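Q: Submitted below is the structure of interest, expressed as structure tokens.
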Amino acid sequence: MKEFDFIRRYLNTCQDKDVILGIGDDAAIVRPRSGYDLCFSSDMLLAGRHFFHGTDPADVAHKVLGVNISDMAAMGAVPRWILLSVALPDLDEEWIEAFTSSLFDVAGQHGVTLIGGDTTKGDWVFNVTIVGEVPTGKALRRDAAVVGDDIWISGRIGLAAAALQHELGNLILPDSVAVACRSALLHPTPRVALGLELLPFAHAAQDISDGLAQDLGHILKASGVGAELFVGQLPTLSGLKESLPTSALHRCLLAGGDDYELVFTAAEQDRDKVLRAAELSKTPVARVGKVNDTGRLKIFNGQGKEIQLDSWGFDHFG
């Protein structure tokens, strides 16, 4: 199969009325709606760095798109369009069929349209640029946390990091725990519905991709504030708590990354609104800390003792 056969057969499926010109020309043309700002984000995933060589193509597609949609969720934006660029060693039709089927399944769940990109021969590289819409001036940002805000987290964290360490042989997990953790690693759940419900009242937000401590630190730095974070309140899999030594559990929860859950802040008086947003979006949330004026992040264990971390999160050049 040739490159343009691949594009025509597997990628050219656009049916979005706001796409004036889709795949097949030098550039796509979209017509954004009046009263909305556009949010842009891009993520690159490489075999051997972000997923293992030999990972099932359906799982690769799910993660490639899911991590990008998660960026839109963190902004309170509706994901709309993506550009996909891939480098593949060859055009294996069976592999491509499984990959594109999964990709368009995830895209369909979130109303996302593929409008272009690029393909070339290379060693398993996937890059997605995503565009979303948010009402003008209303996006959730990192620089809006306020002293006195509660800190919240969606879903459960630490599972993906534990799965990775289990695969690398650095941790041993019971089979049932390993299965749940591996699912979290390969199939992140973008919290788009929660982001939309939080938009009217939440202050700052970010998705947890490189580790909670590091990503929360981005919010604190951008907002010029500090915070207290309580490990005992962090939501995770009960089996993970039972399976890991405390130090390993803390590393997975605080510095592991790959969670793609939302960490966000909201005023104390809006706790009922947060819980209502969680109910409407069918997303569990947990209150895990408090924003203060210290200018730094302090992390406390279940006994109230401050924890010192040897790593705050993932470094792409570390």
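The values are calculated or read from the model by the stated rules, or taken from the named source; none is laboratory data. Because the structure is a prediction, the values reported are computed rather than measured. Heads up, the Cβs are rebuilt from the backbone with ideal geometry, glycines too, and the neighbour counts pull from every protein chain shown. What goes into the accessible areas is simple: the full protein's heavy atoms, side chains included, and nothing from ligands, DNA or RNA. Shrake-Rupley method; radii C 1.70, N 1.55, O 1.52, S 1.80 Å.
Q: As I understand it, the value is the acute angle between the Cα axis of helix 175-186 and the longest principal axis of the Cα atoms of the chain; what does it come to in degrees, rounded to 10?
A: That helix lies at roughly 60 degrees to the long axis.
Q: If I model segment 172-253 as equal point scatterers sitting on the Cα atoms and use the Debye formula, what is log10 I(q)/I(0) at q = 0.19, 0.21, 0.23, 0.24 Å⁻¹?
A: The Cα Debye sum returns log10 ratios of -1.06, -1.19, -1.28, -1.31.
Q: Is segment 51-119 best put as rounded, prolate or oblate by its Cα gyration tensor, with a ≥ b ≥ c the root eigenvalues, rounded for a/c under 1.5, and otherwise prolate when a/b is larger than b/c, oblate when not? Mind showing how you got there, number by number?
A: Details: a/c = 2.00, a/b = 1.74, b/c = 1.15.
Because a/c hits 1.5 or more and a/b exceeds b/c, segment 51-119 counts as prolate.
Q: Along the charge dipole of segment 149-300, which of PRO200, VAL225, PHE264 sits closest to the positive end, that is, farthest toward it, with unit charges on the beta carbon of Lys, Arg, Asp and Glu (+1, +1, -1, -1)?
A: Among PRO200, VAL225, PHE264, the one farthest towards the positive end of the dipole of segment 149-300 is VAL225.
Q: Consider a paramagnetic label point 7 Å from the Cα of SER34 along Cα→Cβ; state which residues of segment 109-147 have an amide N under 19 Å from it.
A: Only 133-138 fall inside the zone, counting backbone N under 19 Å.
Q: Evaluated at 25 °C with a viscosity of 0.890 mPa s, what Stokes-Einstein diffusion coefficient in µm²/s does segment 149-300 have when Rh comes from the Kirkwood expression over alpha-carbon pairs? Could the numbers behind the result be given before it?
A: Details: Rh = 15.5 Å.
D = 158 µm²/s.
Q: Same structure, new question: Which ³J(HN,Hα) values in Hz, rounded to whole numbers, follow from the phi angles of segment 63-72 under the Karplus curve 6.51 cos²θ - 1.76 cosθ + 1.60, where θ = phi - 60° and Gly and Pro get x?
A: 6, 3, 7, x, 5, 6, 4, 4, 4, 5
Q: Based solely on C-alpha atoms, express the radius of gyration and the Dmax of segment 6-158 in angstrom.
A: Gyration radius and largest Cα-Cα distance of segment 6-158: 16.8, 55 Å.
Q: Could you work out the relative contact order of the chain, using alpha carbon pairs under 8 angstrom and six or more residues apart, expressed as a whole percent? Each step should come with its number before you reach the end.
A: Numbers: 680 pairs, mean separation 70.8, N = 318.
About 22 percent, as a whole number.
Q: Please identify the chymotrypsin sites (Phe, Trp or Tyr not before Pro) of segment 220-318 that satisfy two criteria: DSSP loop assignment and at most 12 other Cβ atoms within 10 Å. Which are they?
A: On the way: sites: PHE230, TYR260, PHE264, PHE300, TRP312, PHE314, PHE317; in loops: TYR260, TRP312, PHE314, PHE317.
Taking segment 220-318 and a limit of 12 other Cβ atoms within 10 Å, the loop chymotrypsin sites (Phe, Trp or Tyr not before Pro) found are PHE317.
Q: Scan around LEU297 for amide H atoms under 5 Å from its own, H built in the peptide plane at 1.01 Å from N, and keep only partners 5 or more places away or cross-chain.
A: The list, which skips near neighbours in sequence, is ALA227.
Q: Once the Cα atoms of helix 212-223 and of the chain are each reduced to a long axis, what angle between those two axes, in degrees from 0 to 90 to the nearest 10, is obtained?
A: It is inclined by approximately 90 degrees.
Q: Follow-up question, since we're still on this one. Amide H neighbours of ASP37 under 5 Å, at least 5 residues apart or on other chains, H built in the peptide plane: list them.
A: When sequence neighbours closer than 5 places are left aside, the close amide H contacts are VAL134, THR136, GLY137.
Q: Tell me the per residue accessible area of segment 3-135 using a 1.4 Å probe; a whole number in Å² is fine. Intermediate results must be reported in sequence, preceding the final value.
A: Values: 6330 Å² over 133 residues.
With all protein chains present, segment 3-135 gives 48 Å² per residue.
Q: If you build a Gaussian network model of the chain, linking Cα atoms that sit under 10 Å apart, which residue out of GLY195, GLY76, GLY122 swings the most?
A: Comparing GLY195, GLY76, GLY122 in a Gaussian network model of the chain, the most mobile one is GLY122.
Q: Still on this structure: Skip the ligands, DNA and RNA, and give the accessible area per residue of segment 149-300 with a 1.4 Å probe, whole Å². Walk me through the numbers before you get to the answer.
A: Numbers: 6120 Å² over 152 residues.
Result: 40 Å² of accessible area for each residue.
Q: Moving on to the next point. Which residues' amide hydrogens lie under 5 Å from the amide hydrogen of GLY211, considering only partners 5 or more residues apart or on another chain, with H built in the peptide plane?
A: GLY257, ASP258, ASP259, PHE314
Q: Which order do LEU249, LEU38 take when ranked by solvent-accessible area (1.4 Å probe, heavy atoms of all protein chains), largest first? Working shown, then result.
A: Details: LEU249 20, LEU38 65 Å².
Sorted descending by solvent-accessible area, the residues read LEU38, LEU249.
Q: Of LYS221/LYS305; LYS241/LYS273; LYS63/LYS138; LYS138/LYS221, which sit over 25 Å apart, Cα to Cα? It would help to have the intermediate numbers written out before the result.
A: On the way: LYS221/LYS305 23 Å; LYS241/LYS273 30 Å; LYS63/LYS138 28 Å; LYS138/LYS221 21 Å.
Pairs exceeding 25 Å: LYS241/LYS273; LYS63/LYS138.
Q: Report, to the nearest whole %, how much of the accessible area of segment 149-300 belongs to carbon and sulfur atoms, 1.4 Å probe, protein only.
A: Working: 3000 of 6120 Å².
About 49 percent, which is the carbon plus sulfur part of the accessible surface.
Q: Determine Rg/Rh for segment 96-200; Rg is computed over alpha-carbon atoms and Rh is the Kirkwood hydrodynamic estimate from the same atoms.
A: Details: Rg = 18.2 Å, Rh = 17.6 Å.
We get a ratio of 1.03 for segment 96-200.
Q: Here's something else I'd like to know. Please list the three semi-axes, largest first and in whole Å, of the ellipsoid equivalent to the chain, using sqrt of 5 times the eigenvalues of its alpha carbon gyration tensor. Don't skip to the answer; put the middle values down first.
A: Numbers: eigenvalues 228, 126, 46 Å².
Values for the chain, descending: 34, 25, 15 Å.
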